Amino acid sequence: MSHIIHRNLEKSPITAVSGKGCYLKDIDGKLYLDACGGAAVSCLGHGHSEIISAMHKQIDHLAYAHTSFFTTDVVEELAEHLIQTAPSSLNRIYFVSGGSEAMETSLKLARQYFVDIGEEERTVFLGRSQSYHGNTLGALAVGGNEWRKRIFSPLLMNVERVAECNEYRGKKESETVDQYTDRLLKEFEKKVCDIGPHRIIAFCAETVVGATSGAIPPTPGYLRGIYDICRKYGILYIADEVMCGMGRTGTLHAFEQDDFVPDIVAVAKGLGGGYQPIGAVFTKDFIIDAIKKGTGFFQHGHTYICHPTAAAAALAVQKIIFRDNLVDHVKHQGDYLFNQLQHKLSSIETVGNIRGRGLFLGIELVQNKESKQAFDPSKEIHKLIKKECFEKGLMVYPMGGTIDGQTGDHILLAPPFIIKKDEIDFIVDTLDIVIRKVTSTVLLEK
Ligand code: PLP
């Protein structure tokens, strides 16, 4: 009997003992192809010897030093690398231990900026429906993932919300994609004006929506349009790239494909690739300059910010991605995975939509392709798919509540950037078998 409060309180998960490349091995020696990088984390796979030796080297020198006394060379070098490879206006960075901390930091940074420029009346965040920004109370409040929030809702700050941008579900048949985008932008500006622009701190969005609805990219021009409206009203734009950032979508930062540079960017998972817990917040000079002139320091901090061992792991991960041109590789392998999924799965009557960018792809399952009607949520299709794939030695990241936090099922794929073609073929072939088997069994039960 384990003492750990596992995710499932009924039973302990299987014990993992080792990992190499795209595979994890369990205690019985069974291998699993990690087609989701856990939760879009393991961008360089498992057991990478260069990353492990960089961590060893750092631990031999210095595992930890508190930031109220010291900085360290390794964290300074990581900052230098990340700023050099980011768009030039993002030139300040803050290191934390994960995605939720990165989002909390982003929210507080944005609020303090306005306090320090004398706009204390800005107290409202604007988020989107069907989004996720983390599980701490601030990040949870900004997210629009209803099932994750339900129990805690009385404790959460009030956040204003606009609709998600979801071409498959949101665009009317009578609309072109551009008309749909225009409609969303008009609704956004109206919402801003209804709230009172002078009350809004920042708009928060995942550039490509992750686990909540399954790798949904924005329509062309949508995020740029939102950013322009934010600028018009002096509202900050916070991009949550915790899941979709650091190369996963085929550019180092996902927003680079959307022709704008957010004021604040939160990253995490792919930053350290799972070798150490680490996240970061990028921001622009004007925000830090205002805080410097105002309060004089950022009123925030955690014990493990700028952790040297975590920084050593992230620096090794990021240098390898840069040296080996892996972001380009993501584009190529992502195209191959997307095309194979289209080729093999799109004819299945329960596959409604395949979407995403780079190696960040989602498959939405439906009961009826024509009407896009979802499966009965009580059937928990996503759980059956996950279980069946796992038994066949394939890790994927399915989730329910795709449409509104209750109904809808999708499968999220986020394999390591080093994935090979034959491994992609295994993912697609296994999904082909499992989706057909699980969905046809459930349809027959009706
Ligand atoms: N933001 C997004 C988009 C995420 O997908 C996640 C985690 O899945 C988080 C924030 C929270 O990150 P963490 O679980 O590291 O706290």
Considering amide H positions built from the backbone, and no H for Pro or chain starts, which residues 5 or more places from residue 352, or on another chain, come under 5 Å of its amide H?
364, 365, 366
Nearest 0.05, what FRET efficiency do residue 172 and residue 66 give at R0 = 51 Å with Cβ-Cβ as r?
0.40
Determine the percent antiparallel among the DSSP beta bridges restricted to the chain, to the nearest 5.
65
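Return the carbon/sulfur percentage of the accessible area of the chain, one whole number, probe 1.4 Å, all protein chains in place.
The computed percentage sits at 54.
Between residue 324 and residue 137, what is 0.36 nm times their sequence separation minus the Cα-Cα distance? Round to one decimal in nm.
Working: separation 187, 0.36 × 187 = 67.32 nm, distance 3.85 nm.
Result: 63.5 nm gained on full extension.
For residue 232 and residue 121, compute 0.36 nm times the residue count separating them, minus their Cα-Cα distance, and round to one decimal in nm.
Working: separation 111, 0.36 × 111 = 39.96 nm, distance 1.77 nm.
Here the segment from residue 232 to residue 121 would lengthen by 38.2 nm.
Counting only complete DSSP H runs, which helices of the chain cover 20 Å or more along their long axis at the Cα atoms and score a mean Kyte-Doolittle of 1.0 or above? Intermediate results must be reported in sequence, preceding the final value.
Values: long enough: 99-116 (25 Å, -0.35); 177-195 (27 Å, -0.71); 308-323 (22 Å, 1.02); 326-345 (27 Å, -0.68); 421-445 (36 Å, 0.51).
Result, helices passing both filters: 308-323.
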Provide the descending list of Cα extents for region 337-446 along its principal axes, expressed in whole angstroms.
40, 27, 24
Taking only pairs that are 8 or more places apart or on different chains, how many Lys pairs in region 51-323 have Cα atoms under 18 angstrom apart?
13
Enter the Cα centre distance for the pair region 364-423 and region 151-184, rounded to the nearest angstrom.
22
Hey, got the dipole for the chain? About the Cα centre, +1 on K and R Cβ, -1 on D and E Cβ, debye to the nearest 20?
580
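Beta carbons within 10 angstrom, averaged per residue: use that to sort the peptides 6-14, 186-194, highest first. Intermediate values should be presented prior to the final figure.
On the way: 6-14: 9.0, 186-194: 14.9.
Sorting 6-14, 186-194 by mean packing, highest first, produces 186-194, 6-14.
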Under a cut-off of 17 Å between alpha-carbon atoms, report the aspartates and glutamates in cross-link reach of residue 421, not counting same-chain residues fewer than 8 places apart.
34, 328, 335, 429, 432
Put +1 on the Cβ of each Lys and Arg and -1 on the Cβ of each Asp and Glu in the chain; which of 93, 157, 316 then has its Cα farthest toward the positive end of the dipole?
157
Can you compute the helix-only [θ] at 222 nm over the chain? Use -39500 (n - 2.57) per DSSP H run of at least 4 residues, normalise by all residues, nearest 500 deg cm²/dmol.
-12500 deg cm²/dmol
Based on Cβ point charges of +1 for Lys and Arg and -1 for Asp and Glu, what charge dipole magnitude is obtained for region 1-74 about its Cα centre, in debye rounded to the nearest 20?
180
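So if R0 is 35 Å, what FRET efficiency would residue 11 and residue 407 give, r being the distance between their Cβ atoms, rounded to the nearest 0.05? It would help to have the intermediate numbers written out before the result.
Numbers: r = 27 Å, r/R0 = 0.77.
After rounding to 0.05, the efficiency reads 0.85.
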Surface/4 of the Cα convex hull for the chain, nm²:
22.1
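Taking R0 as 22 Å, what FRET efficiency do you get between residue 83 and residue 332 from their Cβ-Cβ distance, rounded to the nearest 0.05? Can you show the working numbers first?
On the way: r = 27 Å, r/R0 = 1.23.
Here the calculated transfer efficiency is 0.20.
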Candidates per trypsin sites (Lys or Arg not before Pro) in region 18-70, loop by DSSP, up to 15 other Cβ within 10 Å:
30
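Excluding residue 272 itself, what net charge comes from residues whose Cβ is under 15 Å from its Cβ, given Lys and Arg +1 and Asp and Glu -1? Please report the intermediate quantities before stating the final value.
Numbers: positive: 248, 269, 319; negative: 50, 77, 101, 241.
Counting the neighbours of residue 272, the net charge comes to -1.
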Scan region 76-130 for GluC sites (Glu not before Pro) in coil per DSSP, keeping those whose Cβ has at most 15 other Cβ atoms within 10 Å, and list them by number.
119, 120, 121
With unit charges on the beta carbons (Lys and Arg positive, Asp and Glu negative) and the dipole taken about the Cα centre of the chain, which residue among 351, 207, 375 sits farthest to the positive side?
375
Return the loop-located GluC sites (Glu not before Pro) in region 350-382 (DSSP other than H, G, I, E, B) with at most 15 other Cβ atoms within 10 Å of their own Cβ; answer none if there are none.
370
Heavy-atom accessible area per residue - the chain, 1.4 Å, Å²
44
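The values are calculated or read from the model by the stated rules, or taken from the named source; none is laboratory data. Please read all numbers here as calculations on a predicted model, not as lab measurements. Every residue, glycine among them, receives a Cβ derived from its backbone with ideal geometry; neighbour counts consider all protein chains shown. Please note that ligands, DNA and RNA were not included when accessible areas were found on the heavy atoms of the full protein model with its side chains. Shrake-Rupley method; radii C 1.70, N 1.55, O 1.52, S 1.80 Å.
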